[in-house]
Structures are given as C-alpha cells and as structure tokens.
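The values are calculated or read from the model by the stated rules, or taken from the named source; none is laboratory data. Keep in mind the model is a prediction, meaning the values are calculated, not measured. Note: ideal-geometry Cβ built from the backbone for every residue, glycine included; neighbour counts use all protein chains shown. Heavy atoms of the whole protein, side chains included, go into the accessibility calculation; ligands, DNA and RNA do not. Shrake-Rupley method; radii C 1.70, N 1.55, O 1.52, S 1.80 Å.
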Amino acid sequence: MSTNGNLRSPKILYPFSSRLCSCCWRMVCVTIFFLGGCSSWSQVEAQTPLQTCLDKSGQAFQQPEVWTSSRTASPHSFGILEKTLPVQLRKCVQIEPSSDHTDHSTFPEIIKHRTYRKKLTGPTIRVRAGDRVRILLENTLDKPTENTDTPVDDITNLHTHGLHISPTGNSDNVLLSIEPKNNFQFQFDIPADHPAGTYWYHPHRHGSTELQVEGGMAGAFIIEGDIDEVPAIKAAKDQLFLVQQLPFGAKEEGKEREKVTTVNGLVAPIIHLQPGEVQRWRFIHAGVSGKLRLAIVDEQKKINQEFHVIALDGITIGEIYHPGRNTNDLQRGHSIEMGPGYRVDFLVKFGQPGTYLLKDLPETEETGMFKQAEKEQTLAIIKVEGNPKPMDLPTNEDLKDLAPMVKIDEDEVLNQNFPRQASFTNNDRTPGLDMNGLSFSSQRIDHSLQLGWVETWHLTDSTNFGPHPFHIHVNPFQVIQIGNYRPEFPMWKDTIFVDADTPVIIRTRYETFTGKFVLHCHILSHEDVGMMQLVEIIP
C-alpha cells in the first residue's frame, strides 16, 4: 500500500497486437464493446458486453437510487429499512487511449475494482431518527482477485461516517472483518433524538479501506428531521452530490493511474435550474485523498454566487453562514473548502439566466494536499434557463432553534489544564505514518475515556506532508480554535483539517454509547498504514 495518497494501478491486459493503426484500433474497440468480445477476450471475460468505465462528460445530472424506511400510518412510529448490499467486482473497458503514445498495444484496458452492486456509487439511505436499518452485507469477492496485493484487500466491513450510534456488536463496528464469500447482518439503530443531516457510509477494514473506497464503495446516509420541514427548505429541490476520486484516468508508464473526479459517478454532469429557483445541495467528499475548494463561477470565471450554508458535517448550524462575505479575497472568500470525509449542506439561488460552472478551484504547493499543486476541475455545468421561479431563502429566524448541539463552555471541561493530545506523526520505521509516534494496533487502547466526560483535545501535525483530515467516530466535536482563528458561531464537526501551522483545539462530550472505535487521518492511504488510534469509552 502506498503511503503518499497515490492510488493503486489495476492490472492491464494485452489482448491485441500493437501493429493496429489508430483508426482501425478505434473501430475494433467499438466493435468489441457492442458484440461482447472476440476469442482473445473470451478467455478472460464472459461473452456479455462490457460497459465503459465512465460516461462521457455532459450527461444529465442524476441521483443515486434511494432506499427509504417503511413506516405505519402513525406519524410517531419508527421505521425499518432492510436491504441486501452485495460487494462485487466491477469490470469495465477503457476504450479511449490513456496516453499520447502511438503504441496502442495496451488498449482496450479492462479495469476491475470493488463496488457495491457493480455501480460507481452506493444507494442513498434515507431514514428518520428512531428508525432501524438492517443491511445484509454480502462479500461476493473471490480470494484472491486479480488486483489483490495484500491478504486484506478483499476483506471488508461497513462504517456509517458521522452517525452517533453504537460502535459495538453488529452496529458501526469497524473492528469487524467480513471475509470473501461471507455475509454479515449489520443493524444500525438510530437514536430517537439523532440530529437530522447528511452522513455517509463506506468500508473501514484496516488495510483495505483506500482500495475499496477508491473503487466506488461509498453512499449517502441521510437522516430526515426538523430542518427538512422549514417551509423554504422543504420547497427546495433536494440534490445529493457524492464526490468521488475514481482511478479511471490516464495510466503512464512508471506512474500511478490518474484519478477522475466524479459527481454521483458522472463526469461534469449538467444541472438545470430556473431563474429564482432555490435548491438544497448536499455535498459529500467521498474521495480518498484530495482537497476540494468549491466555487460557482459564470462563463467568464468570475465568482459571483454565494453559498447559503445551513449544515456542516451533517449538523445544522442554526443560522445561514455565508463563507467569505466579510473578506476582500473574492476567490478564496466565496468558496467552500472540503477535505475527505467532509459534508456541507447549502442552498443555491441563481437570479440571472445563463451558464455557470461548479468548480473545484486549484491549489498551490503551499495549500494542496501532500504539498502538491492541484489542478482546477469542473465538477458540474449549471444551466439556468426557462421561466422565472421566484422562491424564498430561509431566514436566521427560521433556523435559530434547530441547532441540535449544546455549546460546551469552558467550565464543563474536566481536563482544561491537561488537554488530550492527538498528533499526526511520522518516524524512521516502516511504514512511517502514525499518530502520537505509534502505528495502529487493534490490541492497544490509545485513549480510555469515561462515559459522560467532557474533554478538550489538541490536534497537531508534525509530518510536514500538508494537511491531514482528523476524523473521530461516534461523537462529534465543537471546534474552538483553528490556528489563530476562532469560529464566529458554535461549529460542530466530525472531520477537520490539521496542518503543521494550524493546530486545532476541540471539545467533545462522550455521550450515550460505550465501546471501542477509532480516530484517524481520513487520507485513506494514511489510515491504512497506521495513522489511526483505538479509543474505548467505558461506563
């Protein structure tokens, strides 16, 4: 497993001669795709047509399939969602040459990766607080599969990122291992007072998390509730944006495969709105490593659209937050920074017809992940056209009583003079990435915590690799300070960037649930090699 955030390279097959010309080669590729292969392929793949790995850009924006819980007619009843979620190997063909070389012997490439139901995104789970979610996880993978590098690559489990539920038994237990050709019944009981919001799920088996998530094993987990009933929000179209970084790009000799950023499995899809229409956009950064900096620009690349943010990491703020409204740096101000694992809910309203672009802004070597520059990307194309549809935005008055978390005052904290420490570190030992100087071990408790305690944590980084997204399971935390910045409102999150020059101070309550769970860097290659700690809450 790579320790620098790069992706694995799927195995490449060489079924044809390199003497085919470019024109003839494209004809052969298309013929093979629609007819289901020739004798050379039939020895490797079934005689059914393979799908292309990714659709071309500019497809209509689509939502993943939605799973909802069943309820009785009583509005106070709790629902049950019961589904089977198979883990399957998806095989696809990358028809277009992935380099500028004239030697086409490596094409078409058959790419194989792990998915839920052979799709690029998992289904969206939509339930309410108090519901029970039963997911039968079927690990259909063989052992070994063709791009299996280590014994754990095909071992999996299921984690509900951000949910405040039990970490033990068959609930959100990331210490479980579901071997190939085995099934496991997960049951997630959502507390009746659980905050409404945007969460997500993905595999979390130590050592295989990056490989499985990068194949597309991720989906949204939405809990509906009070904020969804605010009239102006209820009237807005609810749109999910599951952003992934999938290894379907160019493969050059000696380099790892280029990542393609997709939204709901699509490349730069087209979204349609009417002038004056309000929509609610739920963003989930389900990628394995890169940073997102969202901005909405017009065709002249002027950033002229504000984000009306209503929730961070699934937790309602209790007001509308406008990033950068009070800053002079327009490009950095009117943008939203997201690291792997982050979620943000915001409202958009376009007053004027026209074409807009949802951008991931570029990063410099100073601001990018791994101290590397990141290119600008277009995530979606926005078409504002048709008859005006005047709609209202909610007001702060509408939202002020909906913030679910109670602010933690200093006098509640039990360890104010001796804050708990979590530091991203590296050492001279293999693999070299760890926390507090120790690589992860499931046999060692790094933090023993008491149920009901309230504590301060200091989060630091000494790796000099660029920002690390810190994530902790079960209980969210209140952000007190980021470097020299103190949030202007009570900011609650479960994932936050920590960099060498921006230590972070947080406060958290250990509520409701006991048991073992983890905290870790959400750059998934870092997590897999040991940048993770085991936590236990005791009665």
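In the distance distribution for region 198-310, Cα-Cα pairs more than 24 Å apart total 39 percent.
Other residues whose C-beta falls under 10 angstrom from the C-beta of Ile80 contribute a net charge of +1, scoring Lys and Arg +1 and Asp and Glu -1. For region 450-536, the convex hull drawn through the C-alpha positions has a volume of 92 cubic angstrom per residue. Distances between placed amide hydrogens fall under 5 Å for Met491 paired with Val479, all partners being 5 or more residues away or on another chain.
Once the cut-off is 21 Å, how many percent of the Cα-Cα pairs in region 383-450 end up in the long-distance tail? When all Cα pairs of region 383-450 are counted, 64 percent exceed 21 Å. Per residue, the accessible area of region 416-456 comes to 55 Å², computed with a 1.4 Å probe over protein heavy atoms only.
At an R0 of 51 angstrom, the distance between the Cβ atoms of Gln88 and Thr355 translates into a FRET efficiency of 0.85. The Cα atoms of region 118-261 cover 55, 36, 20 Å along the three principal axes, with the biggest extent listed first. Each Lys or Arg adds one and each Asp or Glu subtracts one; over the other residues with Cβ under 13 Å from the Cβ of Ser423, this totals -3. When region 406-525 is described by a simple charge dipole with +1 on each Lys and Arg Cβ and -1 on each Asp and Glu Cβ, the residue from Gln443, Val518, His471 located farthest towards its positive end is Gln443.
Electrostatic tally near Leu519: other residues with Cβ closer than 12 Å to its Cβ, Lys and Arg +1, Asp and Glu -1, net -2.
Counting only DSSP beta bridges with both residues in region 369-501, the antiparallel share comes to about 70 percent. Between region 149-185 and region 270-316, the C-alpha centres lie 31 angstrom from each other.
Think of each Lys and Arg Cβ as +1 and each Asp and Glu Cβ as -1; about the Cα centre, that makes the dipole of region 418-539 roughly 280 debye. Take 159-169, 388-398, 183-193 and order them by the average number of nearby Cβ atoms within 10 Å per residue, most first; the result is 159-169, 183-193, 388-398. Across the cross-link table entries Lys234/Lys302; Lys302/Lys375; Lys83/Lys234; Lys359/Lys389; Lys349/Lys400, which are compared at the Cα atoms, the separations over 23 Å belong to Lys234/Lys302; Lys83/Lys234; Lys359/Lys389. Less than 5 angstrom separates the built amide H of Asp172 from those of Ser166, all sequence-distant by 5 or more or on a different chain. Note on Glu229 and Arg420: the model spin-label points, each 7 Å out from Cα along the C-beta direction, lie 3.4 nm apart.
Between Asp142 and Lys400, the FRET efficiency estimated from the beta carbon spacing at R0 = 60 angstrom works out to 0.65.
Rounded to the nearest whole Hz, the Karplus-based 3J(HN,Hα) values (6.51 cos²θ - 1.76 cosθ + 1.60, θ = phi - 60°) of region 439-445 follow the sequence 6, 4, 9, 6, 9, 10, 8, with x at glycine and proline.
Expressed as a whole percent, the accessible surface of region 193-333 that belongs to carbon and sulfur atoms is 42, based on a 1.4 Å probe.
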